[in-house]
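Enquirer: Before I ask anything, let me first share the structure, which is written out below as structure tokens.
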Amino acid sequence: MNRTGACPRVLVVGAGLAGTATAIRLLHFARRPLEIVLLERRPDYRSAGVAYHRDGNPWDYVFNIQAGRMSVFREDVLDFISWANQEADRRDWPQHWAGHTFTEQGPAPRRIFQDYLDDRLAEARRQSCPGVVLVEADGEALDMDACDRGYEVTVGGLSATGLDSVRSGPLPDTKVVGADHVVLATGLELKDPPFAVEVSGHPSFVRNPYSAAGIRTLSRLPPEATVAIVGSVLSAYDSAGLLLRNGHTGQILLISRSGTIFRTYPGTHEHGVVRLPRPETLMEPYRDREEFLARGRAAWRAACSTVRERHPGIASAIVPERVAKAWEPYLPEIIERIPDEELRLLLDEFATTIAALRVGAVEYTMAIIEHAMRSPEGSVELVVGKVRAITPTRSGRLLVSVAGQHGGHGVEADLVVSNFGRESDYAKVGQPLWRALLGKGIATPHERTGRGLEVDACGTLLDADGRPVGPVSAIGVLREGDEIVRHGRTGAFAFNLAAIKNHSVSVAAHVTEQLELRQEGLSDIAALHPHYRSYASNPEEADRAALEEAVVLEVRRLATRERKKREALDSRLTASILSIGGLPALPAAVSRPDRLMRAVVNRVAAERLNDVSVTPRQLRRQLGIGNVDNPEG
């Protein structure tokens, strides 16, 4: 809502990883006064979310990927490593980590990521342009309604310092916050597993292993107890590893429908991208599911063989990751040929398998699990089958009923731990905000996949007819289905840190662009010229050298964290755009061709920052950012 006499306001709902990363980018990108409100309903999740908050992540819970891939800035690949070694406050760290030197390929505890994001958010606030302010607010977004210039958001339990123009809400203890743009970054939603209805709230059942209560239960368990962990994804390894490091000697059962065990990254593993030809057989019509799966397996084996032959230096454990990444550009066309219902079934059935092909885990996590599974005296066993029900017994233990390939059987345990089990179908999410947004048509479940919400290429929410609902953007897991069908990103890569980095750049660039156009009376530019963002796509339509200079300057401005350097680049960019004199493709009726050119340049620059066809190091080299031989420079 454009408040008279006040600067525009962007309300970011959710202050975990996705929301904080977006706030950081907004603070960097905004050139004019802007109020950024970062709203979080759980203070302990601020700058962390479920994945990194301290209470749910003991010191032995490390990132599943190498520490060198954890920078919140894709264009500054070793920023997290640099922070951990040179800036982090280690006074309260345990001895093992307090004296540790972090390396690109090594592990790092997840809980310190919260401090890292806090520090980078504080830095972005200090380095923001005059009039650009950050307000950190506690409270839960409950509802939203469109208004003349944006949305009004009803917030329960609002607590914030410096937040003006807020009025009383329709319910007790609620306030209404007006915003010119709303960014939804609400993170993972916990799913209620149907097999655990009878043990919900039972003291021997841990529903959320990343809660403080869940960690306490695991830490206080008698060492001889039998533990059943539902799932074999990475959260299962966290729970099993915690028990083993605490000296647990009792049996630990990993119950997995697919029987998938994640790969261990070699100690020298580095992120890389290979090029592979299109899997042509998957582009052709097929008779039925069996034929499609058979083609997929054959094409996969052939692609893995190709990588091994062409790139003998790639470790065998990394080959599947390289193939999965190389196939991403082709997957949208393949997916387009699969009927909706069949696509949903395939995603459900092979979710864990796809995730395991696309990502592995570091040795720190996997070594203790693998030893306990393979050694004669090991206590960890993989049970393949689908959990049908968990029921209490008279003895106080829990009975896990498992349906396997050769029939059903029961597993009795002193403690049952469910994997995190997120809910991807927002029609089933019980949070008041999502019930309200879906009920009003502001949000629409993703039709093809049933995962996440319908959004356009900029991340703007779409209604049931495919029309933008106004200034409302989505970040992270909310875009899972769109990431799958639009970009071919599957498994956790549809919403993990890598995807969130890209979303934060594209959404922050889009939001600041739209707010600037509105302030200059060009808010209807998209309606009048719907293809304006593509005016620079044809080299024959512009002075390519001048346009390239402008794009490079904008890329560097977007990637620069120091305000004075950004301001200097902005001045050079303005002069560069004026020297272009416009594009031949620009309609003659455009009143401010220079301003439209700025929007075009901004969009191209944001796309370059999000180029996933290259590694972060290659990206720095292509964009001319810093010293490519020293990525920290």
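Enquirer: At a Cα cut-off below 18 Å, give the lysines reachable from Lys191, other chains included and same-chain residues fewer than 8 away excluded.
Expert: Lys386, Lys428
Enquirer: In addition: Given H placed 1.01 Å from N in the peptide plane, which residues other than close sequence neighbours of Gly106 have an amide H under 5 Å from its amide H?
Expert: Ala67, Gly68
Enquirer: Over the stretch 210-345, with a single point scatterer placed on each C-alpha, what log10 of the ratio I(q)/I(0) does the Debye formula yield at q = 0.10, 0.12 1/Å?
Expert: -0.54, -0.72
Enquirer: Sum -39500 (n - 2.57) across every DSSP H segment of at least 4 residues in the chain, then divide by the residue count to get the 222 nm mean residue ellipticity, nearest 500.
Expert: Helix-only estimate at 222 nm: -11000 deg cm²/dmol.
Enquirer: Could you pull out every one of the lysines with an alpha carbon less than 24 Å from that of Lys175, ignoring same-chain neighbours closer than 8 positions?
Expert: Lys440
Enquirer: Hey, another quick one. Suppose R0 equals 60 Å. What FRET efficiency, 1/(1 + (r/R0)^6) with r the Cβ-Cβ distance, do Arg388 and Glu562 give to the nearest 0.05?
Expert: Working: r = 58 Å, r/R0 = 0.96.
Given R0 = 60 Å and the Cβ-Cβ separation, E is 0.55.
Enquirer: Pick out, from Ala108, Thr268, Val182, the residue whose Cα sits farthest towards the positive end of the charge dipole of the chain, with +1 on the Cβ of Lys and Arg and -1 on the Cβ of Asp and Glu.
Expert: Thr268
Enquirer: Also, I was wondering about something else. Cut-off under 28 Å on the C-alpha distance; same-chain residues fewer than 8 positions from Lys564 excluded. Which lysines are left, in chain and number order?
Expert: Lys501
Enquirer: Equivalent-ellipsoid semi-axes (√(5λ), Cα gyration tensor) for the chain, whole Å, largest first?
Expert: Value: 41, 29, 25 Å, ordered largest first.
Enquirer: Give me the extension gain from Val135 to Thr268: residue separation times 0.36 nm, minus the current Cα-Cα distance, reported in nm with one decimal.
Expert: My answer for the length gained is 43.7 nm.
Enquirer: If a/c stays under 1.5 just call it rounded; otherwise compare a/b with b/c (prolate if a/b is bigger, oblate if not). Do that for the stretch 23-95, with a ≥ b ≥ c from the square roots of the Cα gyration tensor eigenvalues.
Expert: It is oblate, given that a/c is not under 1.5 and a/b is not larger than b/c.
Enquirer: Normalise the Debye intensity by I(0) for the stretch 94-173, one equal point scatterer per Cα, no solvent, then take log10 at q = 0.24 Å⁻¹ and round to two decimals.
Expert: Those come out to -1.21, one per q.
Enquirer: Taking 0.36 nm per residue of sequence separation and subtracting the Cα-Cα distance, how much length would be gained by fully extending the chain between Gln618 and Arg337, in nm to one decimal?
Expert: 97.9 nm
Enquirer: So for the pair Glu284, Thr306, with labels modelled 7 Å out along Cα→Cβ, what separation do we get in nm?
Expert: 1.5 nm
Enquirer: Show log10 I(q)/I(0) for the stretch 61-111 at q = 0.15, 0.16, 0.22, 0.32 Å⁻¹, two decimals, from a solvent-free Debye sum over equal Cα scatterers.
Expert: Normalising to I(0) and taking log10 leaves -0.36, -0.41, -0.78, -1.39.
Enquirer: How do Leu438, Leu461 rank when sorted from fewest to most other Cβ atoms within 10 Å of their own Cβ?
Expert: Leu438, Leu461
Enquirer: Still on this structure: Please order Glu377, Glu480, Glu342 by the number of other Cβ within 10 Å, starting at the fewest.
Expert: Glu377, Glu342, Glu480
Enquirer: Positive end of the charge dipole of the chain (Lys, Arg +1 and Asp, Glu -1 on Cβ, about the Cα centre): tell me which of Ala88, Leu34, Ser128 has its Cα farthest that way.
Expert: Of the listed residues, the answer is Ala88.
Enquirer: What is the packing order of peptides 466-476, 402-412, taking the mean over residues of other C-beta atoms within 10 Å and listing the highest first?
Expert: Per-residue mean Cβ counts within 10 Å order the peptides as 466-476, 402-412.
Enquirer: Another question, then. Report the Cα centroid-to-centroid distance between the stretch 335-368 and the stretch 3-64 in angstrom, as an integer.
Expert: 28 Å
Enquirer: Still on this model: What's the center-to-center distance, using Cα atoms, between the stretch 212-244 and the stretch 113-187 in Å?
Expert: Spelled out, the Cα-based centre of one part sits 36 Å from the other.
Enquirer: So if R0 is 51 Å, what FRET efficiency would Asn246 and Asp594 give, r being the distance between their Cβ atoms, rounded to the nearest 0.05?
Expert: On the way: r = 64 Å, r/R0 = 1.25.
Plugging the Cβ-Cβ distance into 1/(1 + (r/R0)^6) gives 0.20.
Enquirer: While we're here: Using amide H atoms built in the peptide plane, which far-off residues or other-chain residues are under 5 Å from Val62 H to H?
Expert: Those lying under 5 Å, H to H, from Val62 are Arg110.
Enquirer: Report the paramagnetic label zone for Glu349: residues of the stretch 295-309 whose backbone N is under 19 Å from a point 7 Å from Cα along the Cα-to-Cβ axis.
Expert: Within reach of a label on Glu349: 295-301.
Enquirer: Same structure again: Sort Val477, Val383 by Cβ crowding within 10 Å, fewest neighbours at the top. Let's see the in-between values first.
Expert: Details: Val477 27, Val383 19.
So the ranking, lowest neighbour count to highest, is Val383, Val477.
Enquirer: Please list, in order, the residues from the stretch 210-228 whose amide nitrogen is less than 19 Å from a point placed 7 Å along the Cα→Cβ vector of Arg397.
Expert: Residues 218, 221-228 fall inside that zone.
Enquirer: Taking N as the number of residues in the stretch 232-309, what is its Cα Rg relative to 2.2 N^0.38 Å?
Expert: Dividing the Cα Rg of the stretch 232-309 by 2.2 N^0.38 Å gives 1.64.
Enquirer: Something else about it: Over the stretch 270-379, what is the relative contact order in whole percent, taking alpha-carbon pairs under 8 Å and six or more residues apart?
Expert: Dividing the mean separation by the residue count of the stretch 270-379 yields 28 percent.
Enquirer: If the only charges are +1 at each Lys and Arg Cβ and -1 at each Asp and Glu Cβ, what is the size of the charge dipole of the chain around the Cα centre, to the nearest 20 debye? Provide the component values of the computation, followed by the final result.
Expert: Details: 77 positive and 81 negative charges, 129 e Å.
So the dipole magnitude of the chain works out to roughly 620 debye.
Enquirer: Something else: Based on the mean of other Cβ atoms within 10 Å per residue, sort peptides 133-139, 334-340 so the most packed one is first.
Expert: 133-139, 334-340
None of the figures in this text is laboratory data; all of them are computed from the coordinates on show. This one's a predicted model, so the numbers in the text were calculated from it and none came from an experiment. Neighbour counts run over all protein chains shown; Cβ positions are idealised from the backbone, glycine included.
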